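Report on the following structure.
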Amino acid sequence: MSIRATHVLDEQLSIITGLPFEYKLPLTMTTKRLYYTDAYTTGFDATLLEVTEHEGRPALLLDQSYFYPTSGGQANDLGTINGWPVIDVVAGENGQVYHILAALPGADLGAIPGPVHGEIDWSRRYDHMQQHAGQHLLSQLFYRHFGMETLSVHFGESESTLDLDAAAVTPAELAQAEAVANELVYAALPITAYFVTDDELARVPLRRPPKVSGEIRIVEIQGYDYSACGGTHVHNTAEIGPIKLLRQERRRGQTRITFLCGKRALADYLRKHDLLTQAAALYSTDVAQVPELLARAQEQVKTLQHQVDELMTQLLSYEAEEVAEAAIPVGSRQVVVQHWEDRPVEVLKTMAHLFQERPNTIALLATTAGGKATAIFARSADVDDHMGNLLRDALKAFGGGGGGRPEFAQGGGVALEQMPALLEYALKRLELFWK
Ligand SMILES: [Zn+2]
């Protein structure tokens, strides 16, 4: 599952519709969102207020929670409440946080209201924190260095993307962006989140100031980036690294940058190192030599294939010579009739072309290799019999189909055991015609 959303769109939607805006502190918050001020706590106690349903799924409402509900492009947390698996977390319209369970706990529920204990799946949460903080850093970086605004963001299960308002990003710009991003990682800039009032907001240099009133949550990369955001973030930029920009794609006048942050980037490095090491071992060489060796191997395969083709044609021409000695004279023609049980159709074609080069020759060839019957009829240019018509007649007589040009025809679809009779039939037709 992946979530597509953008801060920009959320922002605009809330301005247009007047619906609750997630970066604005809801006034009627029924679940206190503890992750707003602390993204690192994973175990917590709370009071279960209600057992309810959300869109047909059992859900728990607590007085407070560290569980992050899917919003602002960031995916929900997973974890447990009293050991019951939380399979989804959804934000309600009035500030509630629905903790969706796979099934109702039944008699284990205990008293309501009553105490419960929540545990967050930390590796998933921390991964989201690294990708999300990395996105803020990259969006600001592309804006500062190249004047490119981030139009939308997508945090995927394995990769994340930024859509920039740029028709193209050059490879040099991409390399520069990656270098600067990792310098910002080494700078270990503190990342903080805080709420500001309307008056204070005017002094915050947001890339895109929201036009809503009330308290707004700001996520600040110290002195570098200020974003209106409800997400969970790491403590400083050092925790985002490494940052890897994987690729860029042009999309309808925009450029999509695919990136990995933190442990994802590290895992990607380890995997690629492993793959490259395996490839190098195959060639008993250093990893640096792999591209050159692969290119050379490709060339060698091409050359060898060419030689194999030439040798095969030569070999078949000797065989064609032998087969032609047993040709049956029909009028002024020499008719070669041959049925193989193991020859690929491609070899049959080559043989047919070899017979076409002989004078006054008709070749009636068949193969039943691989349990499939194929017949090829061909003739030399100095013969005027129509091979397409002859083959069509013969196949029709045995329940198959096919045909072709006057000098070359191919078809099949008959039972394997019928093939000798089919060739005999075609030969008889020629003999009758030339009697
Ligand atoms: Zn954000």
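Can you pull the percent of Cα pairs in region 19-120 with separation above 18 Å?
40
Round to the nearest 10 and give me the degree value, 0 to 90, for the angle of helix 263-282's Cα axis relative to the longest principal axis of the chain.
Once rounded, one gets 30 degrees.
Let me check I have the definition right: for region 126-277, take the eigenvalues of the Cα gyration tensor, multiply each by 5, take square roots. What are those semi-axes in whole Å, largest first?
27, 18, 13
How large are Rg and Dmax for region 326-433 when calculated on the C-alpha trace, in angstrom?
12.3, 36
Rounded if a/c is under 1.5, else prolate if a/b beats b/c, else oblate: with a ≥ b ≥ c from the C-alpha gyration tensor eigenvalues square-rooted, which is region 94-143?
In terms of gyration-tensor shape, prolate.
Could you work out the Kirkwood radius for region 58-199, taking every pair of different alpha carbons, averaging 1/r and inverting it, reported in Å?
Mean inverse Cα-Cα distance, inverted, gives 18.0 Å.
Rounded if a/c is under 1.5, else prolate if a/b beats b/c, else oblate: with a ≥ b ≥ c from the C-alpha gyration tensor eigenvalues square-rooted, which is region 144-191?
It comes out oblate by the Cα gyration axes.
For the chain, compute Rh as the Kirkwood radius over C-alpha pairs and then the Stokes-Einstein diffusion coefficient at 37 °C and 0.692 mPa s; write the answer in µm²/s, rounded to an integer.
The calculation lands on 117 µm²/s.
The numbers here are math on the coordinates, done by the rules we state, and not lab data. Just so we're clear, the structure is a prediction, and the values are computed from it rather than from any experiment.
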